[in-house]
Ligand SMILES: Cc1cc2nc3c(=O)[nH]c(=O)nc-3n(C[C@H](O)[C@H](O)[C@H](O)COP(=O)(O)OP(=O)(O)OC[C@H]3O[C@@H](n4cnc5c(N)ncnc54)[C@H](O)[C@@H]3O)c2cc1C
Ligand code: SF4
Ligand code: SF4
């Protein structure tokens with residue numbers, strides 16, 4: 001407010017209003033506060049993180065530059081030192097299991113954490129840097145001057161907040177970005193629903209069942225556990241609980257005639273999963289949407305006086321073996337904060353003045369990864385990956401390890417061919433999909 | 001395939017594990033008249049909180065109180081204007097603790 005020499009009745013309440021104190025919003029507010037801008041961080045929940053659920057692993061490398069030695073203080077559950085990918089059918093499971101003890105030492109790789117803990121911690125960092133955090137307040141719309149966004153309306157009495165820039169970090173439904181006209185009409189095929197149970201178990205039981213010690217933990221991604229609905233499953237270890245959940249394609253879920261908790265119950269009773277969760281008690285059930293299609297569904301990121309970051313901009317990376325949204329939210333939120341701070345300082349918060357946001361995203365992992373993996377969400381949701389791959393992989397293993405004496409052992413090539421045939425996969429299609437996968441992930 | 005060793009919990013006890021600070025004001029309303037014409041009824045299977053209950057006369061009974069605020073229902077809804085959706089007033093609605 002000191003950046004105007006003449007007293008000005010048009011001086012806004014804040015340089016910037018950030019809507020949503022998830023990881024994107026808190027990272028944006030932190031950068032703005034550090035740059036000396038006045039910033040309000042608005043959250044509709046009673047505390048940051050209270051509305052937020054996810055699978056369970058945060059990849060912290062993006063925090064290194066924001067909060068040095070963050071691992072000494074971040075409220076985490078366990079450091080992930082084992083990552084497994086499981087392909088399953090009704091009664092089979094093939095698991096690729098990788099363990100790295102390097103991931104259990106500073107600077108670490110990923111950690112399980114509860115979002116109500118983690119989000120509140122990150123928001124407190126922004127607050128400590130000077131951001132004004134206001135909880136229990138829902139932004140209900142945008143304030144405009146012509147086309148220009150000049151603030152937000154809230155559900156508090158006299159709750160209008162004016163600002164030079166509004167940063168929408170309001171998550172997957174982002175009504176603000178939609179209201180600003182930055183999104184085309186939404187297509188449910190771009191979204192998935194996540195459901196999850198947090199299941200309480202004693203620490204020692206988890207250590208034994210998952211073969212980990214101390215604060216080390218496990219991340220299991222599962223394919224082939226969602227029936228006819230394209231999607232996937234996950235199982236993560238917290239300190240004294242497990243997170244078991246599913247991600248389900250919206251239109252197919254709506255059509256399939258089965259409810260999410262029924263599909264989840266089937267996963268929980270699978271012979272590869274049931275012994276891991278046995279005796280545990282459901283501590284919390286939760287649900288949330290994911291902007292699954294990533295790059296291909298991203299909105300316009302910049303408007304006159306407005307920026308969009310995190311899930312609000314579909315920046316969650318859902319590419320099968322990777323489900324990363326928190327790190328992309330922090331990366332994009334920080335970039336939005338830096339770009340807004342610069343624009344405010346230069347007194348040009350128009351679309352052009354805020355253009356630095358896109359340049360920053362292009363220069364770091366956010367857009368680079370998303371562009372590179374733009375076909376991955378579609379590939380992962382394809383029939384081949386969802387139905388044929390798990391069945392063929394498990395079928396091959398079954399045949400390979402079933403001893404058929406006195407019949408001689410069949411050759412591997414023959415087994416693969418017979419399994420492909422059994423699952424109606426033509427060699428031609430397998431090769432073309434394989435090439436596509438190599439191009440996407442390569 | 002479900003075994004007796006790990007009995008599934010009822011939907012009620014599943015939902016009783018979640019804290020809801022229920023607002024007096026409904027944040028979602030459903031126009032049952034529109035639902036009568038709907039052929040897909042995706043909300044019934046997709047809503048994770050199971051809040052859309054079909055009635056005998058072909059309508060839908062809806063109660064907003066135990067809602068995750070996920071957005072699935074308006075996304076899959078077939079009939080323009082059947083669902084009016086917004087977030088609950090600040091500080092109300094679902095509150096997660098260990099998710
Ligand atoms: C089932 C599931 C599993 C996942 N697994 C992982 C994982 O293992 N690892 C990972 O990195 N990511 C994962 N993700 C993705 C990750 O959760 C998101 O990408 C991430 O939370 C996005 O952060 P954000 O800050 O953009 O949005 P959010 O975390 O959604 O935060 C948005 C915030 O804005 C607030 N808000 C919304 N509207 C308003 C309003 N109008 N007024 C005021 N406040 C408002 C909300 O209350 C919320 O606090 C998963 C997601 C799901 C659903
Ligand atoms: S999908 Fe929409 S119109 Fe159809 S029954 Fe559900 S709420 Fe009603
Ligand atoms: S927002 Fe989600 S939980 Fe709430 S009624 Fe709609 S689908 Fe159900």
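Key figures
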read-out	value
Criterion violated by residue A:261 - all others in (1) more than 10 Å from chain B (Cβ to nearest Cβ); (2) under 30 Å from residue A:277 (Cβ atoms); (3) in a helix (DSSP H, G or I) satisfied	(1)
Flag for residue B:13 being within 13 Å of chain A (Cβ to nearest Cβ), away from ligand 2 (no atom under 16 Å from the Cβ) and not in a loop (DSSP other than H, G, I, E, B)	yes
Hits in region B:21-40 - residues which are at pLDDT 95 or above and either surrounded by 17 or more Cβ atoms within 10 Å (Cβ to Cβ) or within 17 Å of residue A:259 (Cβ to Cβ) (or both)	B:27, B:28, B:30
Among the candidates A:251, A:275, residue that is facing another protein chain (nearest Cβ under 8 Å) and assigned to a helix (DSSP H, G or I)	A:251
Filter pass, residue A:45 being modelled with pLDDT of 95 or more, closer than 26 Å to residue B:70 by Cβ, within 14 Å of another protein chain (Cβ to nearest Cβ) and within 16 Å of ligand 3 (Cβ to nearest atom)	yes
Test: residue A:361 is under 30 Å from residue A:12 (Cβ atoms) and either touching a residue at least 12 places away in the same chain (Cβ under 8 Å) or crowded, with 21+ Cβ neighbours inside 10 Å (or both)	yes
For residue A:130: the one exception among (1) on the phi > 0 side of the Ramachandran plot; (2) within 10 Å of chain B (Cβ to nearest Cβ)	(2)
Among the candidates A:211, A:180, A:239, A:200, residue that is more than 16 Å from ligand 2 (Cβ to nearest atom), facing chain B (nearest Cβ under 9 Å) and touching a strand residue (DSSP E or B) at 6+ places or on another chain (Cβ under 9 Å)	A:200
Candidate set: region A:287-315, residues that are away from every other protein chain (no Cβ under 14 Å) and within 12 Å of ligand 1 (Cβ to nearest atom); chosen: the one surrounded by the most Cβ atoms within 10 Å (Cβ to Cβ)	A:309
Region A:305-321 - residue that is closer than 26 Å to residue A:385 by Cα and more than 9 Å from the chain's Cα centre (by Cα) and, of those, modelled with the highest pLDDT	A:314
Residue check, residue A:102 in a helix (DSSP H, G or I) and exposed (fewer than 13 other Cβ atoms within 10 Å of the Cβ)	yes
Counted residues, region B:73-95 - those being within 13 Å of ligand 3 (Cβ to nearest atom), facing chain A (nearest Cβ under 7 Å) and in contact (Cβ under 8 Å) with a residue 12 or more places away in the chain	3
Residue match in region A:56-76 (condition: part of a loop (DSSP other than H, G, I, E, B) and crowded, with 24+ Cβ neighbours inside 10 Å)	yes
Candidates B:70, B:43, B:38, B:47, filtered to the one that is under 23 Å from residue A:254 (Cα atoms), within 16 Å of the chain's Cα centre (by Cα) and in contact (Cβ under 8 Å) with a residue 40 or more places away in the chain	B:43
Within region A:139-179, tally of residues that are farther than 17 Å from residue A:23 by Cα and assigned to a loop (DSSP other than H, G, I, E, B)	8
Qualifying positions in region B:51-65 - surrounded by fewer than 21 Cβ atoms within 10 Å (Cβ to Cβ) and either more than 8 Å from ligand 3 (Cβ to nearest atom) or closer than 21 Å to residue A:291 by Cβ (or both)	B:53, B:54, B:55, B:56, B:57, B:58, B:59, B:61, B:63, B:65
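The values are calculated or read from the model by the stated rules, or taken from the named source; none is laboratory data. What you see is a predicted model, and the numbers here were worked out from it, not measured in a lab. Positions of Cβ are generated from backbone atoms using ideal geometry, with glycine treated the same way; all protein chains shown enter the neighbour counts.
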